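The values are calculated or read from the model by the stated rules, or taken from the named source; none is laboratory data. Keep in mind the model is a prediction, meaning the values are calculated, not measured. Backbone-built Cβ (ideal geometry, glycine too); neighbour counts: all protein chains shown. Surface areas here come from the heavy atoms of the whole protein model, side chains and all, with no ligands, DNA or RNA. Shrake-Rupley method; radii C 1.70, N 1.55, O 1.52, S 1.80 Å.
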Amino acid sequence: MKLKHIRLKNRYVLLLVGFMLISTSLFAQDKSPINVEELSLEQIKGLTQEDLLELPFEDLIHLVKKFKLSSIEELYALLLNPTQSTASKMEEDVFESPLATTVITADELEKSGARSIPEALKLAPGVIVREKTNGNYDVHLRGNDYIPPGSDLTNSVNSTTLVMIDNRPVYNSFVGATFWENLPVSVNDLEKIEIIYGPSAALYGPNAVSGVIHLITKKADTEGLQTNFDIQAGTNSSKIATGSINYNKGKWGIRLSGNYNQSNRFQDNYYIPQNDEYVSGDQVGELNASIDTSFIASEFSNDYSNAIEQGAANLDITYTPSDKVMINYQGSYQSSSAQTAYMDIGSVLSTRKSTSFSNSINVKAGGFDSHISLLSGQLNAVEGMPGYEYDYQELNAKAGYNFKYKNLIIRPGIMANYANYSDENYVDIEANTGLLNGSAELGTVQGSLRLDYTAFDKLRIVGAWLQGYFYQPERNYSSYQFASSYQVNDNTLLRAVVSKSNSSPFVLNTYMDKSIQVPMPTNPNNDEEGYMNLNMVGNEDLAPQEMQMFELGLRKRILKNLQADVSIFYNKSKDYAQLVTDETTLPSGPPEDLAEGEVPSEPMNDITILETMENLDLKSDQIGITANFKYVMNKKLNMSLFATYQHTELKDFEISDPSQYEELTGTSLDDNTLTENSEYLSFEHSYTPNVYGGASINYSPTNKWNFNTSLYGYSKQESFYTKGRDFINVTIDPKLTFNLKASYQINTWMNVYVNARNLTNNTKQEFMFTDKTGGVYLGGISIKL
Amino acid sequence: MKKIVLIGILLTLFQYSPAQNYKFQALFIYNIVKRVNWPSPSDNFVIGVMGSKELQKELIGISKKQKLGGKQIKIINVSSKEELNDIHVLYFSRSSSSKLNDIQAQLKSKPILLIGEKSGLKGVGINFIDNSNEIKFEIYPANIKDHQLTLATSLLSLGEVKQ
């Protein structure tokens with residue numbers, strides 16, 4: 001009985017203890033309903049304001065630290081996933097972007113020591129950067145460059161990438177190219193560079209064919225006065241100076257910046273492809289004039305060693321009347337002179353000079369954004385060659401609105417561009433000595449609609465359509481971009497893109513009206529001379545170049561500090577254009593019954609050749625893969641590694657020249673066979689390197705020291721070049737270059753550094769027929785007050 | 001001293017919604033204010049907001065669920081000098097920072113905690129810097145003391161203290 005009582009008592013005790021345990025546990029849960037340590041990312045996403053209010057401040061901060069928001073996680077976010085707004089026209093992480101996207105931040109730019117914007121693009125995957133002369137670069141996104149091969153060097157310019165400074169296209173509509181030395185902003189003016197790969201005209205209008213390079217500038221957004229000066233000097237007479245004064249007071253921010261850059265070539269002689277020889281500077285003018293009689297020998301720049309000299313000033317005023325409204329004005333002036341490859345005039349190098357003045361206004365108000373800009377400039381593309389100097393104006397306007405309804409974002413947009421190019425101040429219009437012989441206009445208006453829908457927080461579907469109208473010359477066109485991404489989990493994103501874009505018509509292709517008259521003897525009985533007349537004309541009916549792309553992508557956070565981004569792309573391009581001989585009026589020729597040794601008594605007629613810009617049957621198919629790895633070991637050490645493998649196949653390359661046919665195929669055909677029926681060849685386009693990529697490592701052992709090394713390289717490039725009946729095989733050897741910038745922070749406002757570009761002085765040629773570019777070694781000082 | 005306490009809202013977590021930053025900023029403000037002592041009691045605890053509708057909305061959400069010092073929290077939108085009486089906290093959004101100079105004399109020595117959100121802003125007690133992808137806050141103990149307020153020492157270890 002006693003025992004039973006004790007057992008009962010024990011039972012009550014157990015019940016009591018059990019109750020206490022349960023209630024303690026419930027009480028504990030009541031007091032601290034959220035165990036920060038055990039929360040997953042998904043659970044954090046689901047926390048309500050009530051839940052978060054229950055958290056002690058320390059726990060809230062701890063939660064923040066645990067999930068990406070601690071300073072090291074912030075570093076991961078900053079280095080692995082900077083935000084960008086070019087891919088979707090709204091701020092989002094690179095990781096989330098449905099398109100292949102890269103961002104280079106201001107910090108990366110500064111630490112890398114890149115001297116110029118095109119040089120800085122070597123830090124990005126999927127970009128082919130070739131140095132032509134010291135500091136002058138050829139830049140292509142993913143390739144498809146120098147097509148058609150064998151054509152004039154002007155076809156080597158990149159006419160398919162849209163480059164913008166704060167929404168202002170800096171595209172030269174004359175030939176469709178970006179002349180990098182013409183940009184008024186320097187590396188130190190940039191907040192970041194955003195790169196979108198693949199056709200993106202549906203958001204940005206024509207010319208975003210191979211992609212978009214968007215340069216976003218710094219704004220004066222810190223209260224008070226800040227100044228920043230950076231001066232470096234070194235070998236090859238290099239002098240680079242940049243400076244800015246920022247002032248922010250309340251709603252107003254003003255930034256005044258300037259830059260100057262001068263450097264010399266690595267050599268002062270010139271390669272003449274047609275003669276396969278190097279000649280000294282003082283011979284080039286005459287030599288060019290003997291090859292092209294219209295060339296004015298005396299106007300060939302006698303500063304043979306100059307590679308680049310440029311200076312610019314920028315004024316940026318930002319007015320922020322409220323949190324949702326921002327009005328920004330930018331005014332820029334630049335003047336530049338660059339000795340670089342543009343076209344074959346005997347020498348491949350020639351001097352391009354330009355001055356330009358631009359004004360632009362960007363307005364943001366809630367979901368609305370708009371841009372308007374006007375650029376006025378004067379440019380001489382080839383000094384000494386009449387016809388390549390012109391005045392121009394480019395007007396751009398665009399507006400869009402991001403409507404948000406639950407998980408759907410609808411963005412209607414409108415865009416308009418107008419360009420006017422005139423050579424009337426530089427040529428004899430009556431004598432047709434120019435390329436345009438007057439003024440030429442281009443214009444487009446476009447409307448676009450973009451839908452962006454996210455389902456179940458995981459599946460995102462984006463569709464954009466642009467309907468455009470070229471009103472000068474008249475033509476309708478459309479572009480599209482369909483993209484989808486699926487967030488498998490927090491660390492994995494799959495994406496797919498199908499898109500199509502066109503370039504716009506270019507002034508030269510459309511309106512060229514050039515006549516060349518070369519004297520030639522026509523009467524063998526005396527010295528009487530006739531002429532060979534070569535007329536080159538543009539074509540208003542030309543179809544603009546088009547690219548269609550299919551792309552698959554995978555982004556994976558392998559570890560919290562290691563991220564991979566892989567894209568597989570397949571694109572098809574068509575509607576390349578080239579001058580094609582349309583009509584040839586041959587001289588009457590000697591009488592058929594003329595005996596050997598007998599001279600004709602009658603003079604022959606002049607020769608007239610009409611060349612018209614025509615679309616080619618040529619198509620290009622490219623398949624490739626780009627992989628990009630970023631690793632943040634700790635606050636002191638981070639690195640990136642990226643590489644692209646690609647294969648480009650050219651199809652239906654028309655060939656009517658027997659010697660060219662023999663060079664390309666190894667078999668010979670008689671002249672008549674090809675004259676009657678052209679052959680169409682397919683072959684690999686090896687001018688785009690099969691493999692290219694780079695890496696960078698940044699190491700900050702202490703708060704004072706920073707070491708940044710980057711490398712960039714590409715595999716062998718092969719192509720061919722023709723001039724008349726000359727066929728020249730072009731081979732660019734593989735090249736790997738290293739850069740190193742070591743900097744020391746002396747105090748809070750002064751930093752000194754050494755900056756070695758192409759540290760090992762690898763002097764292999766990077767671009768056909770241009771300089772053997774080597775190392776440049778600089779020392780510099782940076783002051784931030 | 002811990003150098004930085006920050007809160008940054010990655011858009012990975014909260015896509016396309018800048019208001020999410022204000023959601024956390026509001027939570028931070030509530031937690032900071034809990035660690036500040038005011039000398040004189042009053043019926044309500046009043047937080048004035050200049051400029052940011054998003055923050056105001058978030059704070060109103062908090063005010064419906066919580067009290068401060070046992071008092072109801074009242075959130076008011078401040079647009080003129082006249083609305084500054086009986087206020088405990090005054091928040092200046094980034095675009096309203098210029099108004100700080102105009103009313104600083106009027107607020108001098110009054111027990112008001114001034115909060116800003118602009119890098120380099122002078123005269124505030126708490127300053128949120130960089131409210132885009134991350135939120136960090138600076139603490140200016142001298143400015144807070146000038147306004148007759150005292151801080152819990154625990155707060156000092158959670159923000160970036162500026163002398």
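Of all DSSP-defined beta bridges confined to the stretch B:19-134, some 10% are antiparallel rather than parallel.
Subtracting the Cα-Cα distance of residue A:729 and residue A:53 from 0.36 nm times their residue separation leaves 236.2 nm of extension gain. Over all orientations, the stretch A:642-785 has a Cα convex hull whose mean projected area works out to 12.0 square nanometres. For the residue pairs A:560/A:635; A:500/A:572; A:132/A:772; B:23/B:145; A:741/A:764; B:23/B:57, the C-alpha atoms sit more than 18 angstrom apart in B:23/B:145; A:741/A:764. For the stretch A:241-383, the ratio of Cα radius of gyration to the globular rule of thumb 2.2 N^0.38 Å stands at 1.49. For residue B:46, the residues 5 or more places off, or on other chains, whose built amide H falls under 5 Å of its own are B:74, B:88, B:89.
Would you please give the FRET efficiency between residue A:488 and residue A:550, computed as 1/(1 + (r/R0)^6) with r the Cβ-Cβ distance and R0 = 22 Å, to the nearest 0.05? Mind dumping the intermediate values first?
Values: r = 21 Å, r/R0 = 0.94.
Once the sixth-power term is evaluated, E becomes 0.60.
A compact globular protein would have a Cα radius of gyration near 2.2 N^0.38 Å; the ratio found for the stretch A:361-438 is 1.72.
The fraction of all Cα pairs in the stretch B:6-161 landing in successive 5 Å bins from 0 to the largest distance is 2, 9, 20, 23, 23, 15, 5, 2, 0, given as whole percents. As a fraction of the 1.4 Å probe accessible area of the protein assembly as shown, surface on carbon and sulfur atoms comes out at 55 percent. Couplings for the stretch A:463-473, taken from phi via the Karplus curve 6.51 cos²θ - 1.76 cosθ + 1.60 with θ = phi - 60°, read x, 9, 9, 10, 10, x, 9, 7, 8, 8, x Hz in order; Gly and Pro are left as x.
Our coupling estimate for the stretch A:275-287, obtained by passing each phi through the Karplus curve with A = 6.51, B = -1.76, C = 1.60 and θ = phi - 60°, is 9, 6, 8, 9, 10, 6, x, 6, 9, 5, x, 5, 5 Hz, Gly and Pro reported as x.
Which net charge results for the neighbourhood of residue A:611, defined as the other residues with beta-carbon distances under 13 angstrom from its beta-carbon, given Lys and Arg at +1 and Asp and Glu at -1? Before the final figure, lay out the partial values.
Working: positive: A:514; negative: A:152, A:513, A:582, A:583, A:614.
Charge balance in the 13 Å sphere: -4.
State the percent of C-alpha pairs, over all pairs in the stretch A:170-238, separated by a distance greater than 17 angstrom. Before the final figure, lay out the partial values.
Numbers: 1441 of 2346 pairs.
I get 61 percent for the Cα pairs in the stretch A:170-238 exceeding 17 Å.
What is the diffusion coefficient of the stretch A:239-319 in µm²/s, taking the Kirkwood radius over Cα pairs and the Stokes-Einstein relation at 4 °C with a viscosity of 1.567 mPa s? Each step should come with its number before you reach the end.
Values: Rh = 16.2 Å.
The estimated diffusion coefficient comes to 80 µm²/s.
Compute the signed sum of charges (Lys and Arg +1, Asp and Glu -1) over the other residues within less than 15 Å, Cβ to Cβ, of residue B:83. That works out to +1. Counting Cβ atoms of other protein chains within 10 Å of each Cβ in A:52-59 and taking the mean gives 5. One Cα centroid belongs to the stretch B:66-102, the other to the stretch A:412-444; the line between them spans 58 Å. For the Cα trace of the protein assembly as shown, dividing Rg by the Kirkwood Rh returns an Rg/Rh value of 1.07.
With a 1.4 Å probe, how much accessible area is buried between chains A and B, both sides summed, in Å² to the nearest hundred?
Numbers: alone 34710 and 8740 Å², together 39560 Å².
So the buried area, both faces added, is about 3900 Å².
Proximity of backbone amide H atoms, modeled 1.01 Å from N, is registered between residue A:686 and A:718 at under 5 Å, excluding neighbours fewer than 5 places apart on the same chain.
What is the sum of charges around residue A:358, taking Lys and Arg as +1, Asp and Glu as -1, for the other residues whose C-beta is under 9 Å from the C-beta of residue A:358?
Charge balance in the 9 Å sphere: 0.
Tell me the angle of helix A:71-80 to the major Cα principal axis of chain A, expressed in degrees between 0 and 90 and rounded to the nearest ten. Helix A:71-80 sits at roughly 30 degrees to that axis. Close amide H contacts of residue A:761 (hydrogens built in the peptide plane, cut-off under 5 Å, sequence separation of 5 or more or a different chain): A:775. Label point of residue A:558 set 7 angstrom out along Cα-Cβ; within the stretch A:628-644, amide nitrogens under 18 Å from it belong to A:628-634, A:637-644.
Taken one residue at a time, the phi angles of the stretch A:363-374 give Karplus couplings (6.51, -1.76, 1.60, θ = phi - 60°) of 10, 10, 9, x, x, 8, 9, 8, 8, 9, 8, 9 Hz. Gly and Pro are set to x. Derived from the Cα gyration tensor, the three semi-axes of the equivalent ellipsoid of the stretch A:174-313 are 39, 23, 12 Å, largest first. Label sites at residue A:610 and residue A:761, each approximated as a point 7 angstrom past Cα along Cα to Cβ, lie 5.7 nm apart.
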